[in-house]
Each structure stands twice: as C-alpha cells, then as structure tokens.
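Taking it in order: structure first as structure tokens, then the write-up.
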Amino acid sequence: MTRMKVNDVLGSLGLGILAILVVVAIFAPQIAPYDPHHTYKRMERPSSEHLLGTNDIGNDILSEVIYGTRVSLFIAFMVSITAITIGTSLGLIAGYSGGVAEFMIMRIVDIFLTIPRLVLIIVIAAFMPRSIWNLIAVFIIFGWVMTARIVRSEVLTLRNQYYVESARMLGGSNLYILWRHILPNVIPLVVVQFIMEAGHVIVAEAGLSFLGLGDPVARSWGTTFHYAFECPTLYTSDVWMWWMLPPGLCIVATVLGFTFVGYALEERLNPKLKTVVGMEI
Amino acid sequence: MNLINKLAYYLVIILIILSINFFLPRAMPGDQLAYLIGENPDMPTRMTDEEREVLLAHYGLDKPLSEQYLDYLVGISRGDLGWSIYRSAPVLEVILVRLKWTMLLTGTSTVIYLLLGIFLGAESAWARGNKKDTWSLISILTVSSLPVFFLGILLKIFFGAELDIFPLDGAKTTCASYANPLEGVLDILHHLVLPAATLVIAHIGGTYLLMRNSMLSVLGADYILSARAKGLSERYILNRHAIKNALLPIVTMAALMVGFMITGTIFVEKVFTYPGIGLLLYDSVMCRDYPLLQGLFLIIAISVVIANFIADMTYIWLDPRVREE
C-alpha cells in the first residue's frame, strides 16, 4: 500500500466513526429503546428486553450509553470550539502585534504548559458543584494554550511574507490583513488542533467523570463507567462485560476516530511532516 | 547567565503555583471557612456567631487578605501545608506517609517505559518500512490510545480476576506476616506488577514514536554514512553512533512526561487501590478534604516544575550547542 492510500483509509475510517457517533447523539431519543432515567428491575443480565441489562438503580444500560454519546460529544464540541477560538485569537494577536501583548500571552502559555493540567483541573472541579457546564468551563481554561502557541509561531513566519508586506504597503489595515491574508493560512492548523483537542477532551472528561467529578444526572460515558467501577460484584461476575465494556469501547472508538481524522488531515495539510514522521506502511 | 535566567523563571512559576493555591478557594463562590472545615454543602454545619468568630480567628481568616497571603507563604516555607480535619493530622505528614508508594510506582514505570520505548523505537527505525516496524507502530499506537483507567481495569479483570495470577488491590497483602524480608519484597513486587504495567503501556507510545522519529533523522546524517563507509558493523553503528545521538530529544520529553505520569498515576492508583498520593488525591476530593487536596496540588505541581528544571539543566549539560548560546 502506498502512503496516500493508508491516509485515505485511516481518514475515512475516522470520519465514518465520528459520523455514526454524531448521528447517534442527535437521534438518541429515537434510537434508545428506553428513557435512561426510567427505572426497571435492578442489575438485570442482558436479555431481549434490555440488550445490555440494567444497572444498580435499574436504568437500561444501552439507553444510558446512547444518551451518553450526547453528553460526551457535546462537552467535547463545546470545549473545542470555544478553546480553539480563544487560542487562535490570542495566537494571532501575539504573533502579529508582538511587543508587550506577545510577551504577556506567551508567558501565560509557558506557565500553563508547565503546571500539570489535569491535576489542577481536578482541584478546580472539586471546588465546584458537579455539572456539565462547570466541566466545560474548566476544560476551556486550559484548552486554548497549545493552539495559541502553534498559531503564533505560524503567524511569525507569515507576517514577513512578501504578499503580507505588499498588502500592508497598499494601505491594508491590520485587521484587514489579519482577516484576509493571515487567518486563511492558519485555518488548516486550527482545524487539526480542533480535532486533536476534541479527542483530548473526550479522554479527559471520561477520566474526570471516572473519578466521580462528572455530572450525576447528564451521564457521560465516563460517568456510566464510574458507577460500573463502584459495583461490588465487578470482579466476581461478568457484569463488567455489559456495564463497563460498552462505555469504555465507545470512548476508545471516539478517540481513535479523532486521532485518525487528525492524522490524515495533518499529513495532507502539512506535507513537510511526511518526511519527519515517515509513516510508511 | 542562561542558568540564572532559567532559575529565575522556575522560581516565578513556583510563586505563581503558590498564589493559585492561595487564591483558588477564595475565588470560589463558597464560604472559605466551609472549605477548611470540610463542610458538606447539603448539610451546613450549625454554629453560633461566636463559634464562627473563634474559628475564623483560628484560621486567620479575620485578617486582611494581604496578611493572610503573607502568613500562608511563611507557613509554606516552614513546611506547614495546613491541617486535615478529616484525618486529624498535618497535611504534610499525611502526604509524606503515602509518597513512598507513588515514588516506587512511578519510578519503576518510568525506568521501564523509557528503556523499552527507546529500545523498541530504535529497533523500529532501524527496520523502517519492514513488517516488524509497521506492526510495532500500529500495535503500540493502538494500545496507547486506550484511556489509562480503562486499560488498568482490563488488565485487572483479565490478570487479576479471571486468571487470578496477580492481586487485585493494594501495595502489599494486608495483615501479612513475612517469614523473612525477602518474602515481603516479593509480595510488594507482586502487587506492583499490574499498576506498573498499566503505566508503562499507557506511556510507552510517546517515547517510542519520538525515538523512532529521532532515529530516522539521525540515520540520514552524514556521519552514519561515513561510519558505514569505514566498514563498521551495522550493530556497532546502531549502538555507538545512532542511538546516542538520537537520545537527546528523549531528555526533554522525559520531563514533560513527569506531568503525564502523575496524571496517569492518579487513575492507576484509584483503579488498583494503590495507597499512594494519587489515591489520596481521589479520597480528598471525595471527602471534601480541601486542605489536603490543596497540599497535594502544591506538592505535585512543584515536583513537576523541579523535574522540568532538572531536564533543562541536563539538556544544557548534554548538548554543548545549547551551552554555547
């Protein structure tokens, strides 16, 4: 197989996974067999009625996982879109204006990159009431950093290009140059960052929820996983197969989906990487 | 000059971490006193105004903010991280008791994943394009994409519960009496296998990929060509010329990985109920033991900063080009 083909295969596979998940998330009420908050008999084994059985308080696990897609993807999307917008804006400002603004932004970036991110997120989340909005807010605080750094270094090379200088010479305002000449050139990088950040948030959110810091009502995959892990008979019965494996596999599939799409995009948008990574299959 | 700059930079970061730790609970919507006494917001503690006054005075919360901040910094410099009401002990003491287990776990895993990642990465790059390279690349990347807690539980269920060859929980058998010290060591190692394996598998991908890339660029260098022209054996070139020079980026990464390692440890210790500071952090979140939580954050964050500093120094020491600048 040639490299191009591998890329296409991985990229389409990733896109396929993500497309399925988005459809499941949007049409959760139509797809899910039951209301995830309705209670039935507790700790049922899988049967034709409850394909993945029921949990410790009698919710249908399949419906819970299907609705969990909504929560997990919603958090990932909200965090990524906001964090990437903030990161891109700050990166553009830092790279284009230079001076004090650049110094301040880049020092903050350095500090954020040195402090262990997830530990501080856990500490902040512990002080807040458990809700998805608080989770989203905490992830945004730390999500913009890498994007700002990458966008800034790209802008640094772009702003000295001849076409930018000519635009400036012809009297283009700073805002016009940023919008028309610089932003379109950093968009490919930003798209890749968006995908990477979304995959990262999926794992981080699942981790935080696994530790019991997730929203107990709007249950993400991580929250379902958390309650399954607390089940006392987890190691003496095969309850883990239908309670723990499905949300776990959903998390893995989503992360792989984002990774594949991100990888395929990066290879295509940034040909320089090919020689460095050289993933010959 | 470089050294002094770096040192100043890291001192500033430590001061910022200390400040975050101080201002975080004060910036939160809740009552600062409620955090200190570990109050459950659903069940507010009932106390009279006089009792409240006494408590506020005890914690110095009646003083102006600037004075509280100074007191806090002075306290930290004396090793006073506060008092955990929940455990009725000084925070620093509670942490120090647990720290040795985390150091054992992270230390062992770090050594293994670095060595293994370097070895596999070098081998993979050496055999680039071959089936061996392709398959190790695919399998390592796939396994590393598993979230660390999921990986841990899978290992625990498979090797701990189904096959029953490793213990499920803890760092040693509870209430065990050992005939000789060796038996105790073996017991601890037996308990260490699964948690350490989880951390190694979760972290090996980064080292492997970096080493592979670094080797690929080194293998294209002119001095490898001249070594080959001299008629040196391939093994000799790999071990003496290529690996040594490809190792440099690993040093920088190893420091960055300290942060990831600690994050991973929190999950692994929770999954295996391993009695280190990661489990302590989880417990302190669950019982709203905020003084302990903040003490842990401080210790972890400062350790990571120190690791970064050490990596920077090692880098300067290893690479003469950086030293010259």
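The values are calculated or read from the model by the stated rules, or taken from the named source; none is laboratory data. Bear in mind the structure is a predicted one, so any value in this text is a computation, not a measurement. All Cβ positions, even for glycine, are placed from backbone atoms using ideal geometry, and neighbour counts span all protein chains on display. Side chains included, ligands, DNA and RNA excluded: accessible areas come from the protein's heavy atoms. Shrake-Rupley method; radii C 1.70, N 1.55, O 1.52, S 1.80 Å.
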(request) Stick to the Cα atoms of segment A:3-280, pair each with every other, and give me the Kirkwood hydrodynamic radius in Å at one decimal. (result) 20.8
(request) Count, for each residue of B:146-155, the Cβ atoms from other chains sitting within 10 Å of its Cβ, then give me the mean as a whole number. (result) 6
(request) Would you work out which of B:19, B:287, B:188 lies farthest towards the positive end of the dipole of chain B, given +1 charges on the beta-carbon of Lys and Arg and -1 on that of Asp and Glu, about the Cα centre? (result) B:188
(message) What's the magnitude of the charge dipole for segment A:3-280 around its Cα centre, counting Lys and Arg as +1 and Asp and Glu as -1 at the beta-carbon? Answer in Debye, nearest 20.
(response) 800
(request) For segment B:135-263, report the convex hull volume of the alpha-carbon atoms normalised per residue, in Å³, without decimals. (result) 167
(request) For segment B:262-325, count all C-alpha to C-alpha pairs, find those more than 14 Å apart, and express that count as a whole percent of the total. (result) 66
(message) I'd like to compare B:169-179, B:116-126: which one has the highest average count of other Cβ atoms within 10 Å, and what's the full order after that?
(response) B:116-126, B:169-179
(request) For segment A:208-259, count the residues as N, evaluate 2.2 N^0.38 Å, and divide the Cα radius of gyration by that value, please. (result) 1.17
(request) Report the one residue of A:232, A:156, A:12 whose Cα lies farthest in the direction of the positive end of the charge dipole of segment A:3-280 (charges on C-beta: Lys and Arg +1, Asp and Glu -1; origin at the Cα centre). (result) A:156
(request) Go through segment B:124-136 residue by residue and turn each phi into a ³J(HN,Hα) via Karplus (6.51, -1.76, 1.60, θ = phi - 60°); whole Hz please, and just put x for glycine and proline. (result) 4, 5, 4, 9, 4, x, 6, 4, 4, 4, 4, 6, 5
(request) Starting from the alpha-carbon convex hull of segment B:19-144, give the projected area averaged over all orientations, in nm². (result) 13.0
(message) If I histogram all Cα-Cα distances within segment A:56-143 using bins 10 Å wide from 0, what percent of pairs lands in each bin?
(response) 15, 33, 31, 14, 5, 2
(request) Using every pair of alpha-carbon atoms in segment B:189-234, split the distances into 5 Å bins beginning at 0 and state the percent of pairs per bin, rounded to integers. (result) 5, 18, 14, 13, 12, 11, 9, 9, 7, 4, 0
(message) Can you give me the long-range amide H partners of residue B:84? Hydrogens built in the peptide plane at 1.01 Å from N, cutoff under 5 Å, separation of 5 or more residues or another chain.
(response) B:89, B:91
(message) Give me P(r) over segment B:177-325, computed from all C-alpha to C-alpha distances, binned every 5 Å, as integer percentages.
(response) 2, 8, 12, 13, 14, 13, 12, 10, 7, 5, 3, 1, 1, 0
(request) For the protein assembly as shown, count the residues as N, evaluate 2.2 N^0.38 Å, and divide the Cα radius of gyration by that value, please. (result) 1.04
(request) Sort A:248-260, B:270-282, A:228-240, B:139-151 for me by packing, meaning the mean count of neighbouring Cβ atoms within 10 Å per residue, highest on top. (result) B:270-282, A:248-260, B:139-151, A:228-240
(request) Quick one: which residues, 5+ away or cross-chain, put their amide H under 5 Å from the amide H of residue B:63? H built at 1.01 Å from N. (result) none
(message) Cβ neighbours within 10 Å, averaged per peptide: list A:77-84, A:96-103 in order, most packed at the top.
(response) A:77-84, A:96-103
(message) Over the Cα atoms of chain B, what radius of gyration and what Dmax do you get, in Å?
(response) 24.5, 88
(request) Let me know the mean shielding of A:206-212 by other chains, meaning the per-residue number of their Cβ atoms within 10 Å of its Cβ. (result) 5
(message) Through the Karplus equation 6.51 cos²θ - 1.76 cosθ + 1.60, θ set to phi - 60°, convert the phi angles of segment B:100-116 into ³J(HN,Hα) values in whole Hz; use x for Gly and Pro.
(response) 4, 5, 5, 5, 4, 5, 5, x, 4, 5, 4, 4, 5, 5, 5, 4, 5
(message) I need the phi-derived Karplus couplings for segment B:175-183: 6.51 cos²θ - 1.76 cosθ + 1.60, θ = phi - 60°, integer Hz, Gly and Pro marked x.
(response) 6, 7, 10, 9, 5, 9, x, 4, 4
(request) Return the Rg/Rh value of segment B:2-90, two decimal places, where both radii are evaluated on C-alpha atoms and Rh is the Kirkwood radius. (result) 1.06
(request) Could you give the size of the charge dipole of the protein assembly as shown about its Cα centre, using +1 on the Cβ of each K and R and -1 on the Cβ of each D and E, expressed in debye and rounded to the nearest 20? (result) 2140
(request) Can you tell me the equivalent ellipsoid semi-axes for segment B:72-185? Use √(5λ) from the Cα gyration tensor, largest first, whole Å. (result) 38, 23, 15
(message) Give me Rg/Rg_expected for segment B:201-280, where Rg uses Cα atoms only and Rg_expected = 2.2 N^0.38 Å with N residues.
(response) 1.57
(request) Determine the total buried accessible area between chain A and chain B, counting protein heavy atoms only with a 1.4 Å probe; round to the nearest 100 Å². (result) 4000
